[in-house]
Amino acid sequence: MATGRLGLEETLGALNAALGPGGPVWFRETRARHLRARDFLAPRQALRARFGDGQVPERVLRALADLQGPGVAPVLRCEPTPAGLALRLQRAAVFERVLGAVGAYAAPARPAAGAPRVLLHCPALRAAPRALRLGQLRAVLVADHLARALRAHGVKVRLAPAVQDPHLSAFLQQLRVDWPAASEPASAEALRSRALAEVTAAGDPGALPAGDLGGVCLKELAGGRGRAAGCDPTLDRGLVTEDLLAQLADLQAAAQPGPEDPSPGLGEAPGPGGNGDSPLPQAPAPGAVDSCVAVHVLSGEEEAQQQQLDLLWRELDEWAPLAQKHLVCGPVRAAGAPGSLTAPEYYELRLAQVRAASALKHGRDLAQDPAWTETFSILSAATIKFEMLSKAPQGQLLLDLADSMSTKGPRSGTFVLYNCARLATLFAGYQRGLEQGLYPPFPPASSLDFSLLREEVSALPAVAPWGGLDTTPAAFFPQGEWLLLFNSVLPFPDLLSRTAALAGARTDMVCRFLVQLSMDFSSYYNRVHVLGEPQPHLFGQMLARLQLLRAVQEVLHAGLATLGLPPLSCL
């Protein structure tokens, strides 16, 4: 049997290469009605542009049918259709390859060999917790999610600034945000000495307010070493303050290689002086600066000050990272709420709604039940994270603060955790049946018959294009095993890799993926009785289905982990 992880990206790449020179043509199907007949499609219009008359040469069809290569899924058939060139995989073989190595599909597709070290900086974490605005909270959650995605990809990440306010640290813990804390700020003395030599002081030293050291020409700094790219052209002069130097000291300390780094890099954990063990910077080894990328995750109102901070850092610290990127999060608006609504107030509102929804579902107030305290906290954090992270971070976000916190709402974090709990209940039910002697022990995956995961018809007919019911046999929807594997388990490694790409920073993809996965699983679970009657002739199909749902569960847990959310076993 072939080994190695199958990949949709690898399969698409091989399909496009088989068509010859030119841009990509093939795309992957995702809708259930299309997946009844095909898995990939090369549209007819694209084929006409590639082959003139749209007729694909026979040699190309043979090459597609015999497609092979590392990570390439085995092909069953490839044939012309009115929609274009349709390709269907050997689904039983794909089930066997994937479900025989479930753990391989809950990790990024490609290792991060040679990836730069990353310093993630979120200036919003210098605010007091009661002053934290919704836009700043969005930046904090994006930074935390990006850090987790990078670390899952094997990238070394440091976080700045270390949080000094214990109340802010407690609030971050409520939201399941993993951020370092420090008891005292990093030393800024070396930077202060350098700054005094660089700034232009006022003629009368007494003319400067307390804490201000003098001014610098930002236009000159922006023009040095090609720094002007991306800088606000209106930047003119900036004021160097003690507070600005304290921020730079935090960044400087975070950028130092830690003792856990065998080579110059950014460590995982902060030291006692902020994010580094030494209050004064040590000169990195050759090449260390160029291998570090500083990513500043901030709200729009913080961008101008951050640009000034970038320029000063490079001017006052010769070891500052040359590569600095800004991920500017769009504004957050809350419908029906005052503009002064703070992040803690928003959390308390969602917590109250989660408690009310749970009381409505269970018929009693659970707010005073200690066993539910942790569950309410997780559900509130999930609700907020899915609201804040389900859209691309650069766009504007509108929050609906209405009390609509049903655990079965298909667009919420509570819905995802609800289905996570359903999976846990399913496997607990199998375990109870096993202990009672009703079900057989789970065998090695290699001994399971995955050909039993065939797409049987359900009792629900499809809607025909003309609006009526299409009652032909091919029109009935599949049970959903292939939909779960093809749309959820197979693409997940590539999704993790794209989430960790600094160029796009698509931190919204995981939330949307988990919601769609939960919808597909919920639909399947409501139609299919996985734990059937304890009859030996049904055990083969039951165990194959359980192995598929085990893969779905691992993917779901891995996706939640990138959001800092633990799975729930009951809800």
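Counting protein heavy atoms only, region 105-184 has 52 percent of its accessible area on carbon and sulfur, 1.4 angstrom probe.
Working from label points 7 Å from Cα in the Cα-to-Cβ sense, the Ala323 to Ala392 distance is 2.2 nm. Ser569 exposes around 80 Å² of accessible area when a 1.4 Å probe is run over every protein chain in place.
Rounded to 0.05, the FRET efficiency of the Arg5 and Ala170 pair, given R0 = 45 Å and the Cβ-Cβ distance, is 0.65.
Based on the Cβ-Cβ distance from Phe442 to Phe27, what FRET efficiency comes out when R0 is 45 Å, to the nearest 0.05? Working from the Cβ atoms, E equals 0.75. Given a 1.4 angstrom probe, what's the average accessible area per residue across region 42-195, in square angstrom? Ligands and nucleic acids excluded, the figure is 42 Å² per residue. Between Ala402 and Gln305, residue separation times 0.36 nm minus the direct Cα-Cα distance comes to 31.5 nm. From most to least packed by mean Cβ count within 10 Å, the peptides 57-69, 171-183 give 171-183, 57-69. Of the whole protein surface, Thr562 contributes about 10 Å² of accessible area at a 1.4 Å probe radius.
Label positions at Glu345 and Arg44, each projected 7 Å from the Cα along the C-beta direction, are separated by 5.9 nm.
The accessible surface of region 295-347, taken with every protein chain in place and a 1.4 Å probe, is 49 percent carbon and sulfur. For Asn16, put the label point 7 Å out on the Cα→Cβ axis and report which residues of region 59-91 keep their amide N under 20 Å from it. Within reach of a label on Asn16: 60-61, 63-75, 84-89. Along the charge dipole of region 9-155, which of Ala17, Leu76, Ala32 sits closest to the positive end, that is, farthest toward it, with unit charges on the beta carbon of Lys, Arg, Asp and Glu (+1, +1, -1, -1)? Highest projection toward the positive end goes to Ala32.
Students often check this: by mean Cβ neighbours within 10 Å, which of 441-449, 301-309 ranks highest, and how do the rest follow?
301-309, 441-449
Taking the 1.4 Å solvent-accessible surface of region 1-99 as the whole, the part contributed by carbon and sulfur is 51%. If R0 is taken as 51 Å, the Cβ-Cβ distance between Ala83 and Asp243 corresponds to a FRET efficiency of 0.25. Taking a ≥ b ≥ c as the square roots of the eigenvalues of the Cα gyration tensor, region 22-73 is classed as oblate, since a/c reaches at least 1.5 and a/b does not exceed b/c. Each peptide in 86-93, 433-440 receives the mean, over its residues, of other Cβ atoms within 10 Å, and ordering these scores from highest gives 86-93, 433-440.
The values are calculated or read from the model by the stated rules, or taken from the named source; none is laboratory data. Predicted model only: the values in this text are computed from it and were never measured. As a convention, Cβ positions derive from the backbone with ideal geometry for all residues, glycine included, and neighbour counts pool all protein chains shown. Remember, those area values only see protein heavy atoms, side chains included, never the ligands or the DNA or RNA. Shrake-Rupley method; radii C 1.70, N 1.55, O 1.52, S 1.80 Å.
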